[in-house]
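Structure first, then comments.
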Amino acid sequence: MMRFVQIDILPDGRALVDIDKLTHAVPQQDGGTRLFLGAQHLDVPHTLDELENVLAGRARDDDGEHSGAGFGVRGGKWV
């Protein structure tokens with residue numbers, strides 16, 4: 001099964017990335033990150049923390065304060 005995520009890339013654009021092919025990510029001096037997908041790489045305008053959120057399907061700037069990691073609140077109780 002392939003898992004794809006749509007992500008912003010540099011200089012300007014978007015790409016559909018198979019996250020199962022992601023081998024590693026290296027922070028760049030400009031605040032972005034270089035993603036290595038096998039022998040290819042993509043530069044993205046996200047920090048490693050932001051990248052983790054994007055790949056997990058959360059909002060890029062999610063600090064975890066309002067995140068339920070897939071869980072929701074109903075009637076004041078976690079479900």
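A short reminder: the numbers here are calculations on the coordinates, not readings from a lab. What you see is a predicted model; the values in this text were computed from it and never measured. With ideal geometry, Cβ positions are generated from the backbone for all residues, glycine too; neighbour counts draw on all protein chains shown.
Would you say residue 8 is more than 19 Å from residue 62 (Cα to Cα) and either among the acidic types (Asp, Glu) or in contact with a His (Cβ under 6 Å, 6 or more places away or on another chain) (or both)? No.
Scanning the range 2-26 for residues that are over 11 Å from the mean Cα position of the chain (by Cα) and outside any strand (DSSP E or B) gives 2, 3, 10, 11, 12, 20, 21. Within the range 1-44, the set of residues being among the aromatic types (Phe, Trp, Tyr) and surrounded by 14 or more Cβ atoms within 10 Å (Cβ to Cβ) comprises just one member, 36.
Answer yes if at least one residue in the range 29-46 is assigned to a loop (DSSP other than H, G, I, E, B), in contact with a strand residue (DSSP E or B) (Cβ under 9 Å, 6 or more places away or on another chain) and of a type in the set (S, T, N, Q), and no otherwise. Checked against the condition, which is being assigned to a loop (DSSP other than H, G, I, E, B), in contact with a strand residue (DSSP E or B) (Cβ under 9 Å, 6 or more places away or on another chain) and of a type in the set (S, T, N, Q), the range 29-46 yields no hits at all. Looking across 47, 23, one residue alone is hydroxyl-bearing (Ser, Thr, Tyr) and touching a Pro at 6+ places or on another chain (Cβ under 8 Å). It is 47.
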